1. Here are Leu138, Leu122: which of them is assigned to a helix (DSSP H, G or I), touching a strand residue (DSSP E or B) at 6+ places or on another chain (Cβ under 8 Å), at pLDDT 85 or above and crowded, with 23+ Cβ neighbours inside 10 Å?
2. Only residues that are within 21 Å of Val353 (Cα to Cα) and of a type in the set (S, T, N, Q): list them for region 140-191, please.
3. From the list Phe341, Phe375, pick out the single residue that is closer than 21 Å to Arg119 by Cβ and either within 19 Å of the chain's Cα centre (by Cα) or not in a helix (DSSP H, G or I) (or both).
4. Answer yes or no: is there a residue in region 53-66 that is farther than 27 Å from Ile288 by Cα and either at pLDDT below 85 or part of a helix (DSSP H, G or I) (or both).
5. What are the residues in region 177-189 that are buried (at least 16 other Cβ atoms within 10 Å of the Cβ), modelled with pLDDT of 85 or more and of a type in the set (Ser, Thr, Tyr), if any?
6. Which one of the conditions (1) outside any helix (DSSP H, G or I); (2) modelled with pLDDT of 85 or more does Asn113 fail to meet, given that it meets all the rest?
7. What number of residues within region 233-272 are at pLDDT 80 or above, more than 28 Å from Leu79 (Cα to Cα) and out of contact with any helix residue (DSSP H, G or I) (no Cβ under 6 Å at 6 or more places or on another chain)?
8. Which residues, counting only those in region 39-52, are touching a helix residue (DSSP H, G or I) at 6+ places or on another chain (Cβ under 8 Å) and in a helix (DSSP H, G or I)?
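The values are calculated or read from the model by the stated rules, or taken from the named source; none is laboratory data. What you are looking at is a predicted structure, and each value in this text was computed from that prediction instead of being measured. Because the Cβ atoms are built from the backbone with ideal geometry, glycine has one as well, and the counts that use them run over all protein chains shown.
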Amino acid sequence: MSFGERVGRALAPRKDVLATLRRESFLLVPVATCAAFLSFGPFLLADLHHPLKLGLVFLWLFGVILASSLGVVRHAEHLALLLGEPYGTLILTLAVTAIEVMSISAIMLHGDNNPTLVRDTLVAVIMIILNGMVGLSLLLGALRHREQHYNLQGANAYLGVIIPLAVMTLVMPNYTTTTVGPTLSTAQERFLALMAVALYVAFLMVQTGRHRGYFTGPGQIEHHGEGEPAGNRSIAFHAAMLAAFMLPVVYLAEKLAHPVDYLIETLGAPAALGGVTIAILVATPEAIGATKAAVRNQMQRSINIFLGSVLSTIGLTVPAMLVVSAWTGHNIVLGVEHSDFVLLLLTLGVSVVTFASGHTNILQGMVHLLLFMAFALLIFQG
């Protein structure tokens, strides 16, 4: 071995460490933001009646939480590659669900009681994913590859669980008579939580075991990570970094509640804005992965991402928030009303039509995107 080769091999670990430090350097931003709000929180959150300060604080917190969420998902995907199934699916799902539950809890427990926050978040997640994310993925995929194919049995399995859970959670409360209004009794909430968890666990067993082939494309082996190598980093490293990116989200989500509450309670912004804010934080990391997969002509992976996101949101977030509601004494209104009711049923119906053939085209993407635009308009002009 030559002298140059020996020097290169000796320096390789140092270069690897430096590359890792550069890759994870953004963690300093959420840490610094947490330190700033710990030290100067009252000053930073005061005088929110000034539009410029309100906008800057909201965008600062929203951007840092979103970037931290992307870091959480990135390390969860590395762990998924290292651990394999079913642990990979569980880690990815639980990481995103934890972000959603913490964000909802922080805003729900701050300021005035907002009983519709969970409902508004669920509706926003469904609309953003099943219309915005699906529409964009199908449209970009069709523009580049004309027609894309996926495993029809997998899509049907997803929708076969999503539709009854969505209707039982968001529609049934409007028609129960035990309680007044679009709410459920304690017994009904317990049944809904148990049913949601049971269906999700049963689906997970089907997806990772008995019928795993339903969720892979023709001649492909489906992976839950982005396909990027995990490198020589250990499970412990990625688990530690996942926790490191998760902790700022827990703290900063409570701080984000201040400008969100001010917008809704003081300035009279639509009450659904809080749910939409959380939904964007939750859906954006997975939207990026789904869109990239569609552009790479990996439509099966794209479908697994966006339909799996909706399923985990209803199957895991709803039971978690029902537990938080019972523990804190905050009531939850679940039944959707007015234009959201129509859009929800329309979205579920169109999704059945879209995923009924085993292939996609540009028209389907346009339909879902227009439904998403209708949802965005009706938030302010409902």
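1. After applying the criteria, what remains is Leu138.
2. Hits for region 140-191 are Gln148, Asn151, Gln153, Asn156.
3. Phe375
4. yes
5. Listed by number, the list is empty, since nothing qualifies.
6. All conditions are met except number (2).
7. Within region 233-272, residues that are at pLDDT 80 or above, more than 28 Å from Leu79 (Cα to Cα) and out of contact with any helix residue (DSSP H, G or I) (no Cβ under 6 Å at 6 or more places or on another chain) number 1.
8. Selection gives Gly41, Leu44.
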